[in-house]
Amino acid sequence: MSNVLIAYSTNSGSTAEVAETLAAELTRLGHNVEVKGCREVTSLAAYDSVIIGAPMIFGWHNTARAFIKKHRLELAAKKTAYFACAMRLTRVPGENLPGIPLTLDPNLVKDPAKAGKKSFKENFTTIGYYLKPMLAAAPKVKPLNVAFFNGKLEMFRLKWWQAAFIMIVVQASPGDYRDWDAIKAWAQTIAAAV
Ligand SMILES: Cc1cc2nc3c(=O)[nH]c(=O)nc-3n(C[C@H](O)[C@H](O)[C@H](O)COP(=O)(O)O)c2cc1C
């Protein structure tokens, strides 16, 4: 049994629900789990393992990156895993990726629409483009796994400039695309590793 912290950040709330679902599954599998917003966490001393989750909001949400930077020394000595919720993820064949195990929600990840050529929007949604700042936040922290889950988008919750970015760059259709089975399956992978 491991003492696990799931620290999350969110823009519109849906990543908090993903964190709670992961926690329920890890608890069912015998771990001691706490879920907290990244900004609520003052110390990691009580935990053996830390899972950090956040949506892609102009890159992985900056609250999560700041959390990892702030706690990098403690995190480097613990078991960690990261997850991101997103509306678009582009897998570029042959892309040079860091050697961290990845879990890609099969309904989220797509090949470029035109083989061999990324479109404007696809440039900003590749696995490598997303991963780089996630890992750069604390290069000595080596997550056991990084998961990308399909997210949830509700335009009425957004500020106008956020909605504009979504429409122009991400070009995602509003809706709840979270795949709870994929999320629970990842919790099972992590439960076995922590
Ligand atoms: C301003 C803004 C920027 C976003 N940028 C991206 C992005 O670059 N790539 C992507 O796949 N999704 C992007 N999204 C979609 C969110 O990552 C997705 O809706 C997520 O599930 C929201 O989680 P939350 O409810 O916890 O905030 C963006 C959403 C907003 C509001």
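Somewhere in region 119-129, is a residue surrounded by fewer than 19 Cβ atoms within 10 Å (Cβ to Cβ) and closer than 27 Å to GLU40 by Cα? Scanning region 119-129 turns up no residue that is surrounded by fewer than 19 Cβ atoms within 10 Å (Cβ to Cβ) and closer than 27 Å to GLU40 by Cα.
The condition of being out of contact with any helix residue (DSSP H, G or I) (no Cβ under 7 Å at 6 or more places or on another chain), buried (at least 18 other Cβ atoms within 10 Å of the Cβ) and either at negative phi or assigned to a strand (DSSP E or B) (or both) holds for only one of THR15, THR42, THR27, that being THR15. The set of residues in region 146-184 that are free of Cβ contacts under 8 Å to residues at least 24 places away in the same chain and within 25 Å of ILE51 (Cβ to Cβ) contains only ASP181.
The residue that is nearest to the ligand (Cβ to nearest atom), counting only those in region 45-56 that are without any contact (Cβ under 8 Å) to a residue 60 or more places away in the chain and assigned to a loop (DSSP other than H, G, I, E, B), is TYR47. The single residue among ILE183, ILE168, ILE190 that is buried (at least 17 other Cβ atoms within 10 Å of the Cβ), more than 9 Å from the ligand (Cβ to nearest atom), closer than 22 Å to ASN11 by Cα and not hydroxyl-bearing (Ser, Thr, Tyr) turns out to be ILE183.
Can you find a residue that is in contact (Cβ under 8 Å) with a residue 40 or more places away in the chain and within 15 Å of the ligand (Cβ to nearest atom) anywhere in region 137-145? No, that holds for no residue.
Values quoted throughout were computed directly from the atomic coordinates according to the rules given, and no laboratory measurement underlies them. Owing to the predicted nature of the structure, the values given are computational and were not obtained by experimental measurement. Glycine gets a Cβ as well: all are built from the backbone with ideal geometry, and neighbour counts include every protein chain shown.
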